[in-house]
Amino acid sequence: MPIITLTSDWGLKDHYVAAVKGTILSNMPEAIVVDISHDIPPFEIEQAAFVLRNAYPNFPKGSIHILGINTEESDKFGHTVIEHEGHFFIGTDNGIFSLLFELKPDKIVELTINQDSDYFTFSSRDRFVKAAVHLARGKKIEELGQLTNQLVEKSLLRPVIEEDVIKGHVMYIDVYENIITNITEDIFKAARKNRKFSILFRSYEIRKISRSYTDVAPGEIVALFDSNGNLEVAMNQGNASGLLGLDRKDMIRIEFS
Amino acid sequence: MPIITLTSDWGLKDHYVAAVKGTILSNMPEAIVVDISHDIPPFEIEQAAFVLRNAYPNFPKGSIHILGINTEESDKFGHTVIEHEGHFFIGTDNGIFSLLFELKPDKIVELTINQDSDYFTFSSRDRFVKAAVHLARGKKIEELGQLTNQLVEKSLLRPVIEEDVIKGHVMYIDVYENIITNITEDIFKAARKNRKFSILFRSYEIRKISRSYTDVAPGEIVALFDSNGNLEVAMNQGNASGLLGLDRKDMIRIEFS
Amino acid sequence: MPIITLTSDWGLKDHYVAAVKGTILSNMPEAIVVDISHDIPPFEIEQAAFVLRNAYPNFPKGSIHILGINTEESDKFGHTVIEHEGHFFIGTDNGIFSLLFELKPDKIVELTINQDSDYFTFSSRDRFVKAAVHLARGKKIEELGQLTNQLVEKSLLRPVIEEDVIKGHVMYIDVYENIITNITEDIFKAARKNRKFSILFRSYEIRKISRSYTDVAPGEIVALFDSNGNLEVAMNQGNASGLLGLDRKDMIRIEFS
């Protein structure tokens with residue numbers, strides 16, 4: 001049973017999500033449609049990429065992921081299908097794909113199949129579903145368009161790694177107001193070399209990385225690697241982002257000594 | 001596999017949506033249940049009708065749509081099942097059906113099957129699901145109650161079409177604050193007769209209908225026919241409704257010259 | 001087809017819900033995953049228990065319910081699987097189970113199966129799904145760990161029943177701002193003994209229990225037993241909680257005379 005996931009900024013109030021699901025089921029009644037999130041802030045492709053990047057590896061290989069954000073095609077931004085590590089991604093190459101993958105994805109195709117409607121504002125319903133159903137029926141990605149090596153590049157803020165310091169950034173604030181950074185456990189371990197460390201942001205300093213929120217008392221600050229391996233700053237049962245005044249793109253440093 | 005959709009003002013915080021889904025699955029484990037929206041503003045049947053009208057045609061024929069808004073039965077408002085163009089609709093005849101269809105629907109039945117619970121505040125769980133499962137198992141609509149020709153009439157604001165002007169209204173503001181009107185592409189084309197036109201609302205004037213949001217620069221106003229054929233006024237990556245001060249039921253005119 | 005439900009405080013904005021669904025589908029593609037609610041206020045296990053308690057009996061026996069709230073394991077709070085009246089529940093024994101069931105559940109097991117990841121902040125994805133899939137494949141609950149009789153006890157506010165009065169509390173405010181109390185129809189009937197009654201809260205008094213909201217005019221106060229048998233105070237098409245100033249844990253009395 002083919003899995004098709006949806007990530008978008010459509011919200012849940014309007015008819016958009018249901019229109020896409022109905023179109024999928026009309027073309028492929030056996031499809032399993034799963035919402036990644038529809039509450040991406042409008043037009044925020046970095047947030048959409050973060051959410052999908054942390055969700056899709058949990059799905060089985062062969063899953064097809066539709067990206068319904070900033071989908072209008074233009075001279076600059078084409079409709080694109082990507083195959084990467086056994087997953088498929090369909091969306092508009094507005095930079096989101098460069099934010100989604102660490103490395104160049106395995107295959108990139110400029111979508112050339114026609115859409116069925118005369119309207120150009122709802123590509124997810126009118127074109128991406130068609131491509132998804134083709135893939136779900138076993139068509140090769142090459143049959144959907146032209147192979148290419150080009151992707152629009154948007155630069156994800158990457159941590160800067162120096163001899164005695166990692167300079168990272170806040171990537172995402174989650175529903176609990178936990179602060180998720182772009183410093184991964186792998187980066188930290190490679191740079192640390194058994195030295196002592198201080199995690200520094202604003203006027204705060206943390207000298208320990210915990211395993212769980214409850215390693216500290218309720219209301220206290222804790223640093224840990226989250227369930228995807230990213231360094232996270234949180235408060236046990238509190239709202240770290242609001243209370244610490246730390247927001248997306250703010251800097252966070254780890255100094256070694 | 002039968003498809004049952006849900007449209008309601010129950011929100012997603014409480015147990016109501018899950019209670020209905022559990023009841024469906026208890027009676028028909030193979031049903032595919034799809035949410036249209038549960039974020040209809042409380043008691044707003046016009047909004048519910050708008051959302052479902054724009055979503056349901058995307059579903060396959062044979063789909064069954066439960067309308068879970070203002071469902072309490074009364075002397076004035078009975079429980080009703082409708083068959084129209086191959087789709088089924090189950091809800092309370094509080095005027096919502098007259099807002100849902102342009103023309104009188106194919107078949108209207110006053111629901112007479114009993115409900116299973118002693119409570120009368122959750123008809124969707126206790127009566128509509130039962131009717132839906134009957135239909136999904138292939139029962140004819142006539143077996144669920146009494147055929148009738150009557151529907152409670154609520155008047156949808158319809159555009160007024162004169163020789164040189166179409167007077168329409170704002171029907172819906174979506175999550176992007178796009179402004180969706182009741183002037184359709186068909187109405188526009190029939191009235192235009194190759195003349196020039198001006199779209200007028202408040203102190204604004206638009207003389208062009210675009211194909212996509214990105215036909216104008218970010219922050220600029222654009223008029224286009226949306227993916228369901230309704231005239232829409234939007235701002236490329238902006239919030240048209242808030243910024244233009246245009247809200248539901250406000251007037252919008254198209255003058256021909 | 002096994003049904004796995006999810007109840008959590010993860011919200012719908014982030015990747016958490018999708019990560020769990022993807023993990024389920026990776027391990028059991030034929031599973032039917034149903035959201036109970038993900039909009040439980042953060043860390044509010046009483047609210048989570050209320051919502052699940054009102055939803056799960058509608059699901060077929062054999063359903064497996066994952067409780068994704070305050071899931072971190074600790075010396076005080078272990079991971080637990082429960083079988084009760086044919087349903088299965090997987091979560092952390094932080095008191096939520098004592099709030100979920102009136103009586104001691106049929107079987108309680110301390111979960112001992114290993115989790116697959118090195119992270120301890122996302123037990124729902126990394127351990128509860130594994131337990132759920134075992135149960136869905138037909139394993140006995142005893143194979144997942146050690147049988148026990150102990151549960152962490154959190155005291156649910158229970159109504160106090162005296163000769164001439166029932167003293168109850170507000171348990172939950174729903175999306176319509178209806179006020180749901182812990183006084184059930186059974187308790188009321190047993191205590192009433194055909195006497196007259198007054199429902200009293202703040203400076204209000206209601207002397208009648210209605211069958212439906214529309215038994216009173218729009219904007220008027222109505223008392224009724226809700227679709228799960230709990231006494232509810234509502235306003236026909238109005239927001240009772242806000243307008244009457246009645247909130248969770250406030251007292252409500254029924255006096256008999």
_Looking at the stretch A:109-120, I want the residues that are touching a residue at least 40 places away in the same chain (Cβ under 8 Å) and within 11 Å of chain B (Cβ to nearest Cβ) and have a partner that is of a type in the set (D, E) and surrounded by 15 or more Cβ atoms within 10 Å (Cβ to Cβ) with Cβ atoms under 9 Å, at least 6 apart or on another chain. Which pairs are those?_
A:F120/A:E72; A:F120/A:E73; A:F120/A:D126
*Sort through A:A48, A:A55 and tell me the only one that's in a helix (DSSP H, G or I), more than 10 Å from every other protein chain (Cβ to nearest Cβ) and closer than 26 Å to A:I173 by Cα.*
A:A48
*Exclusive hit being touching a helix residue (DSSP H, G or I) at 6+ places or on another chain (Cβ under 9 Å) and not basic (K, R), set C:L111, C:L103*: C:L111
_Test of understanding: among A:F43, A:F50, which residue is within 20 Å of A:T181 (Cβ to Cβ), of a type outside the set (G, A, S) and out of contact with any Pro (no Cβ under 8 Å at 6 or more places or on another chain)?_
A:F50
*asked:* Looking only at the stretch A:18-31, filter to residues that are more than 7 Å from every other protein chain (Cβ to nearest Cβ) and of a type outside the set (G, A, S); which one of those is surrounded by the fewest Cβ atoms within 10 Å (Cβ to Cβ)?
replied: A:E30
*Do we have any residue at all in the stretch B:8-17 that's facing chain C (nearest Cβ under 8 Å), buried (at least 21 other Cβ atoms within 10 Å of the Cβ) and touching a Lys or Arg at 6+ places or on another chain (Cβ under 7 Å)?*
no
*Only one of (1) in contact (Cβ under 8 Å) with a residue 24 or more places away in the chain; (2) out of contact with any Pro (no Cβ under 6 Å at 6 or more places or on another chain) is not met by B:G219, so which one is it?*
(1)
*Restricted to the stretch A:89-108, and to residues that are touching a Ser or Thr at 6+ places or on another chain (Cβ under 7 Å) and of a type in the set (A, V, I, L, M, F, W, C), which residue is surrounded by the most Cβ atoms within 10 Å (Cβ to Cβ)?*
A:F97
*Give the residues of the stretch B:58-73 that are within 8 Å of another protein chain (Cβ to nearest Cβ) and either crowded, with 20+ Cβ neighbours inside 10 Å or modelled with pLDDT of 95 or more (or both), sorted by residue number.*
B:N58, B:F59, B:P60, B:S63
*Can you name every residue in the stretch B:32-42 that is touching a strand residue (DSSP E or B) at 6+ places or on another chain (Cβ under 8 Å) and either facing another protein chain (nearest Cβ under 7 Å) or outside any loop (DSSP other than H, G, I, E, B) (or both)?*
B:I32, B:V33, B:V34, B:D35, B:I36, B:S37
*State which residue is farthest from the other protein chains (Cβ to nearest Cβ) when the search covers only the stretch B:151-175 and only residues that are among the β-branched types (V, I, T) and surrounded by 15 or more Cβ atoms within 10 Å (Cβ to Cβ).*
B:V165
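Per-residue answers, yes or no, for (1) of a type in the set (D, E, K, R); (2) in contact (Cβ under 8 Å) with a residue 60 or more places away in the chain:
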| site | (1), (2) |
| --- | --- |
| B:S124 | no, yes |
| B:K130 | yes, yes |
| B:G138 | no, no |
| B:Q146 | no, no |
| B:S155 | no, no |
| B:D164 | yes, yes |
| B:G168 | no, yes |
| B:M171 | no, yes |
| B:V175 | no, no |
_Can you find, within the stretch B:200-225, the residue that is farthest from the other protein chains (Cβ to nearest Cβ) among those that are among the small types (G, A, S) and within 28 Å of the chain's Cα centre (by Cα)?_
B:A223
*Out of all the residues in the stretch A:188-211, which are crowded, with 17+ Cβ neighbours inside 10 Å and assigned to a loop (DSSP other than H, G, I, E, B)?*
A:I209
*Quick one: which residue in A:G78, A:G95, A:G138 is within 14 Å of another protein chain (Cβ to nearest Cβ) and more than 18 Å from A:V20 (Cβ to Cβ)?*
A:G78
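The values are calculated or read from the model by the stated rules, or taken from the named source; none is laboratory data. Quantities reported herein were computed from a predicted structural model and do not represent experimental measurements. As a convention, Cβ positions derive from the backbone with ideal geometry for all residues, glycine included, and neighbour counts pool all protein chains shown.
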